[in-house]
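The structure appears below as structure tokens.
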Amino acid sequence: MTVKEYNNSVKKYGDPVYRFICRSIKDRERAADIVQDTYEKLWNCVTEVDVNAVKSWLFTSAYNRMIDVIRKDSRLVAVEFYDDASLYAEDNSTDLNEVLHHALDRLPAVQRSVILLRDYEGYSYQEIGEITGLTESQVKTYIFRGRTALRVYLVKTSVWQ
């Protein structure tokens, strides 16, 4: 990858990577730091990364860095132990976008990440698996469970009634 191709990757993929990380961790400053760390890592191995695979490389590296930050801060929620009672609505907000973001915030980190990659960024199950290090069947399972939890939450808030 040349310097020009590196600069093009910053222009082309910087915002989507930032949006993905920001939606996942809900902290703009930390998301910006993660994206910056990811691009620094890319710069350090610029000769090793193929320009055709840079998008996948960036999302994978940013995702892994995000997981490292979450683990460091001891905020990673194990999927097996989350309290699904917290997925139920607490208020009767009618703003669908606000309710949906509130519902996404209540999902475990893994489910939220795969849903954001699939529904917001448009990645295939295989690409999500490559980014997150999960198998394709695990990705499908997490997406199914996450969407089910979102559906339950939205029905409980009476948005759809």
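Where a number appears in this text, it was derived from the coordinates with a stated rule and is not lab data. For clarity, every value in this text was computed on a predicted model and none was experimentally measured. Quick reminder, even Gly has a Cβ in these numbers, built from the backbone with ideal geometry, and neighbours come from all protein chains shown.
At a glance:
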quantity	calculated
Largest-first principal axis extents, alpha carbons of the stretch 3-72, Å	31, 20, 16
In Hz, Karplus ³J(HN,Hα) per residue of the stretch 116-132 (6.51, -1.76, 1.60; θ = phi - 60°; x = Gly, Pro)	5, 5, 6, 8, 9, 9, x, 6, 7, 4, 5, 5, 5, x, 5, 5, 8
Long pairs among LYS11/LYS55; LYS12/LYS41; LYS26/LYS156; LYS4/LYS26, criterion Cα-Cα beyond 22 Å	LYS26/LYS156; LYS4/LYS26
Highest-first arrangement of 104-110, 59-65, 4-10, where packing means the average Cβ count within 10 Å	59-65, 104-110, 4-10
